[in-house]
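Bear in mind that the values in this text are calculations on the coordinates, not laboratory data. Just so it is clear, the structure is predicted and the values come from calculations on it, not from any experiment. Note that each Cβ is placed from the backbone with ideal geometry, even for glycine, and that neighbours are counted across all protein chains shown.
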2 protein chains.
Amino acid sequence: MARIDNSVDAPAVATDPGMAVQEWLDALSRALSARDIEACSALFHPDAFWRDLVAFSWTIVTLDGREAIAAMLRKTLAHVQPSRWVMDGAATETGGTVEAWVRFDTAAGRGRGILRLRDGRAWTLFTALQELRGFEEPAGDRRPRGVVHAALRGRRTWAETRAAEAATLGISIQPYCLIVGGGQGGIGLAARLKRLEVPTLVIDRLERPGDAWRRRYKTLCLHDPVWYDHLPYLPFPDHWPVFTPKDKMGDWLEMYVQVMELAYWSQTECLGASHDPDADGGAGRWTVQVRHQGVLRTLHPTQLVLATGMSGLPQTPRFPGAEDFQGVQLHSSAFTDGASWRGKRCVVIGSNNSAHDICVNLWENEAHVTMVQRSPTMVARSETLQELGWGRLFSEQALRNGFTTERADLMLASTPYRLVTEAQKLVWQAAAERDADFYAQLRQAGFQLHFGEDGSGLTLLYLRRGSGYYIDVGGSALIIHGEVSLCSGVQVARLTAHAVVLSDGRELPADLVVYATGYGSMEGWAARCLSPAIAARVGKVWGLGSDTVQDPGPWQGELRNMWKPTAQPGLWFHGGNLQQSRSYSLYLALQIKARMEGLATPVFNG
Amino acid sequence: MARIDNSVDAPAVATDPGMAVQEWLDALSRALSARDIEACSALFHPDAFWRDLVAFSWTIVTLDGREAIAAMLRKTLAHVQPSRWVMDGAATETGGTVEAWVRFDTAAGRGRGILRLRDGRAWTLFTALQELRGFEEPAGDRRPRGVVHAALRGRRTWAETRAAEAATLGISIQPYCLIVGGGQGGIGLAARLKRLEVPTLVIDRLERPGDAWRRRYKTLCLHDPVWYDHLPYLPFPDHWPVFTPKDKMGDWLEMYVQVMELAYWSQTECLGASHDPDADGGAGRWTVQVRHQGVLRTLHPTQLVLATGMSGLPQTPRFPGAEDFQGVQLHSSAFTDGASWRGKRCVVIGSNNSAHDICVNLWENEAHVTMVQRSPTMVARSETLQELGWGRLFSEQALRNGFTTERADLMLASTPYRLVTEAQKLVWQAAAERDADFYAQLRQAGFQLHFGEDGSGLTLLYLRRGSGYYIDVGGSALIIHGEVSLCSGVQVARLTAHAVVLSDGRELPADLVVYATGYGSMEGWAARCLSPAIAARVGKVWGLGSDTVQDPGPWQGELRNMWKPTAQPGLWFHGGNLQQSRSYSLYLALQIKARMEGLATPVFNG
């Protein structure tokens, strides 16, 4: 392909950050218009990253290096037809890196992005589809009228329309999209699909929306702060507490289902599913067996989303002698409150969030509590996490700095996971220094600490395996002061009638054993709710391929199978914490809407 | 009092609007600091207005003219101690009037205002208390943590605290404030009091929050647009329809009660009340008899708010022969749907909003409908009202122009009612021209139109008497095209077994008679819920004293008895449309909170 402008090869380095960005965008625009891949890739550093959420790739992908970028453009440019790149707000410069928000159009819709330049070349580019042209959400100027101002015979009121939908969707009319799991993830996605007019049904096995929260141990509060936790469209009011109590969260989710007018079947289990890829002219169709309030029903959605939580099934180890134990054994997910364990001997196996919270709850109820720590744990003080971690994007200060929830989500997504890993190492070095006394006391109490295998800390543990850490909200002080006994660096050998026996031979008399031993993986849900064959086809879900514990390589650059096309056509995985659920539900919703409308969605597969 | 600065007598006219405002504020600050009333009043035009919401007067008052302003300052300046007047944002100039937002402090709290200058002197000043110092709402940086990050024996969870409050408030613990009426007005106020930590109980006679909306005729949608209708703190999401259907509104209110954690007794009637002004060391105390889900209870709040709606009791005329009528007679408030009146003869007596809406509903159900118009009616096309009326402050365009709901409320409140009246005459002249064809057609159909006695139109009819108009959402076309028969300029003489007989002798055979004849006044609620003596003490509620039909003079300058101290200590009236309820609930909440905290609240009484 002929060059039309040699200047893109070696862009001049402008000194004004805004001018530098403008020059880069102009050069990119010229090169893209000319379909000149070489000129495009020359605008990037050799080790540049381009993270794309659906805008170019119709998937979620990070391209690692100039060659990968060129390869992606070669495969996508002709149909994506990017255009109208403009800077959105002022560019800034920090330590030689120029950063700017950008907007752009594609053939299918409109995107936003964040560009970072070093010496005039792109170091990172982030592009994210925001809306589909012709299928914009009906908000603001586009909101519905709510009523036709005329006398019209045969009109249906809002209440009649709602009642008719409830009587037909999933019964006589099939939903285009079925979401299995009605927690914050499922309903946030359903709200987005509702606004995009995708007929969607949410099913959940519990009695009421929010029950997954209500059923947890009574002292549970969110470990993430309020600014991080908003659901789409309906933010918490500004007096909402920083850390939402679990029942309050449950009520909020129940309200959300109603206010967002979601079609939601409670007390509904997904029993199995199969997929016919050739049905409906190649769109594919699921056959999903569910039990809906006791009645067996078959659903035929085109798209199926598993939103059963990034935690899979409760994972309870089977220790020798467990069947002989005369006390009570519970998985942490079944523990609700320590009130009935006053004065009793309780052994909590595990040392992550739930283990600590349950120890605190038992201690508050004057039980005798022992924690069994089987492997090193990352501990982060909540205050430190807020100040060094979340605070820049999710806090009152962040809001004052212009980081609305929407902008914070985009900014957070704009950094490729490789760079996140490096940045987090610095964060946790700083945290270790800042909280050196705290960590020393914990170590002195025998607690086995780590900051992840490579020192990248809590966020990466979460992204790699969703476990291995405790956000300290009071438990560490009990360990430090010996209020909760600690047995660390040991395994459980076996149970006897009245005790837990450790690998070092110690015997812990016990009335209660709580297995705070975590959850299986998301693919476990696929095997159980859909079929083992489908789960096998999809493979591992979650994790970055970091080649660390529970996250085998090779490097993926993105969370496996999350919010993007999987090896099983028509099957999607959705979940994560509240921030991820909110942020990524947009991109999943856009992918589903595009398919419903029959738009071309050629998925870039590397 | 000695002058300290002669320059305030004749301020120089600055040409830059911002500079003019700054000079004026500086002069005001100097004069106020010096307690120089003469110098202060010289800063105002002789016919200037000062509207104050609680900041200076501890009531709601408009001072009409320089003398009145001086008199108010003489009585209030020493204890209000206003200070720190600053311009808030840029000043603007339109047609010789300079307008600017201002902020200021008082001894009790912080205020905002809007100043309008002409030729360097104040033409209107608006001052509104926004928060009490030391009792700021716990929002943003002040939001609660939600949890104490520590192990604490005896801690109460959120759910336990909520349950304890529900078990005690109104039973073993008396609310400081009792709100009678749990519609949008009552609950919006309760939410504000909740944030201000005023123990408040809302009682409502219906089964569920929102039922007052749900029970209305099925096609009802709000006549005011969404931007006007937000409740405090929790705005509708941005896809909310422009005109909210009544059941959707009902659900929203029910959700609001729950999310805002209001103490709300449904199915509770207020049977009577008496007040002891000397109780509790002079704070006064009410004795209120209620029937709470069948159980008689006595409540002892210090403050009592009637929020039973600005519409009072349904008002049904007693026509001769009504007892002989063999068909069905209903007040409009009891009409729900026309489905059972297909092919039947229906006479609707009245010509305002409900009358028209019910005619439309009956026509849509293929009934034969006749409207009896007994007096001229103001009709406004909904679109015109939005464009010429609400739109400047309440629309998507207004939001783009920086009019957040809070700013729009303040701006709307900033114009004294005398000037509102004059401005509205111009609006309705323009509307009459714009919709000349529409009005001609209505007149041709025999409909008796007016624009208020002085041409000031719909808004003033609402403020003066809360009736006398129709916002056309489809009914006028039925009248114009004869689909609904119209008998206008007549009275109802009597009813017979099967007909309505008009004053001109015409006989209208009828299976159904709907009395869309409006509601009594708010003081009717006081007589019924509290006692006739209390109602008599308070006198008329609502209306401006405009000396027009149903609003006798003398001129009040404000709505009588609304949101401000009344002749009955401890009794307050709250209500109005959604915008008024939202906006004025702030000022009522601040007055109640100040009293609870024992702040001095010397009420300026002219």
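As a proxy for reagent exposure, ranking B:K593, B:K344 by other Cβ atoms within 10 Å from fewest up yields B:K344, B:K593. For the protein assembly as shown, the dipole from Cβ point charges (+1 on Lys and Arg, -1 on Asp and Glu) about the Cα centre works out to 1720 debye, to the nearest 20. Sorting B:T287, B:T377 from the fewest to the most surrounding beta carbons within 10 angstrom yields B:T287, B:T377. Take each residue of peptide B:157-165, count the partner chain Cβ atoms within 10 Å of its Cβ, and average: the result is 4. Fully extending the segment from B:N605 to B:S29, taken as 0.36 nm per residue of separation minus the present Cα-Cα distance, adds 204.9 nm. The rotation axis taking chain B to chain A passes closest to the C-beta of one chain B residue; that residue and the distance in whole Å read B:M255, 2. Taking a Cβ cut-off of under 11 Å around B:R103, the surrounding Lys, Arg, Asp and Glu residues balance to a net charge of +1, with basic ones at +1 and acidic ones at -1.
Between the C-alpha center of the range A:331-351 and that of the range B:244-294 there is a gap of 42 Å. Between the Cα long axis of helix B:158-168 and the first principal axis of chain B there is an angle of about 70°, rounded to the nearest 10. Which whole-number percent is the relative contact order of the range B:503-606 (Cα, under 8 Å, 6+ apart)? Across the range B:503-606, relative contact order equals 14 percent.
Across the range B:193-300, the mean sequence separation of Cα contacts (distance under 8 Å, 6 or more residues apart), normalised by length, yields a relative contact order of 28 percent.
Separation of the range A:164-234 from the range B:189-215 is 27 Å, based on Cα centroids. Where in the range B:404-432 does the amide nitrogen come within less than 20 Å of the point 7 Å from the Cα of B:H45, taken along Cα to Cβ? Hits in the range B:404-432 for B:H45 at 20 Å: B:411-427. Just to confirm my numbers, what's the Cα centroid distance between the range B:503-538 and the range A:53-87 in Å? Spelled out, the Cα-based centre of one part sits 69 Å from the other.
The other copies place their B:D47 label points at 7.7 nm from this one, listed shortest first, where each point is 7 Å from Cα along Cα→Cβ.
For B:S33, B:S332, B:S585, the sequence from fewest to most other C-beta atoms within 10 Å is B:S33, B:S332, B:S585.
Pairs A:K593/B:K248; A:K75/A:K564; A:K246/A:K344; A:K75/A:K593; A:K194/A:K540; B:K194/B:K593: which are spaced more than 20 Å apart, C-alpha to C-alpha? A:K593/B:K248; A:K246/A:K344; A:K75/A:K593; A:K194/A:K540, as the Cα separations exceed 20 Å there.
For the peptide B:468-475, the mean number of other protein chain Cβ atoms found within 10 angstrom of a residue's Cβ is 2. Pairs of Cα atoms nearer than 8 Å and 6+ residues apart set the relative contact order; for chain B it is 16 percent. For the pair B:T15 and B:S340, label points projected 7 Å from Cα toward Cβ lie 7.5 nm apart. Pairing the Cα long axis of helix B:184-195 with the longest principal axis of chain B, what angle in degrees results, from 0 to 90 and rounded to the nearest 10? For helix B:184-195, the angle is close to 30 degrees. Helix B:578-596 and the longest principal axis of the C-alpha atoms of chain B enclose an angle of approximately 50°. Per residue of B:239-247, other chain Cβ atoms within 10 Å of the residue Cβ number 6 on average. Simple rule: put +1 on each Lys or Arg Cβ and -1 on each Asp or Glu Cβ in chain A, find the dipole, and look at A:T298, A:Q444, A:V86; the Cα lying farthest toward the positive end is A:T298. In nanometres and ascending order, the distances from the B:D16 label point to those of the other copies are 2.4 (point 7 Å from Cα along Cα→Cβ). Each copy carries a label point for B:K540 at 7 Å from Cα toward Cβ; from one copy, the others' points are 8.0 nm away, ordered from shortest. Cysteines of chain A lacking any other cysteine Cβ under 4.7 Å from their own Cβ: A:C40, A:C177, A:C221, A:C346, A:C359, A:C487.
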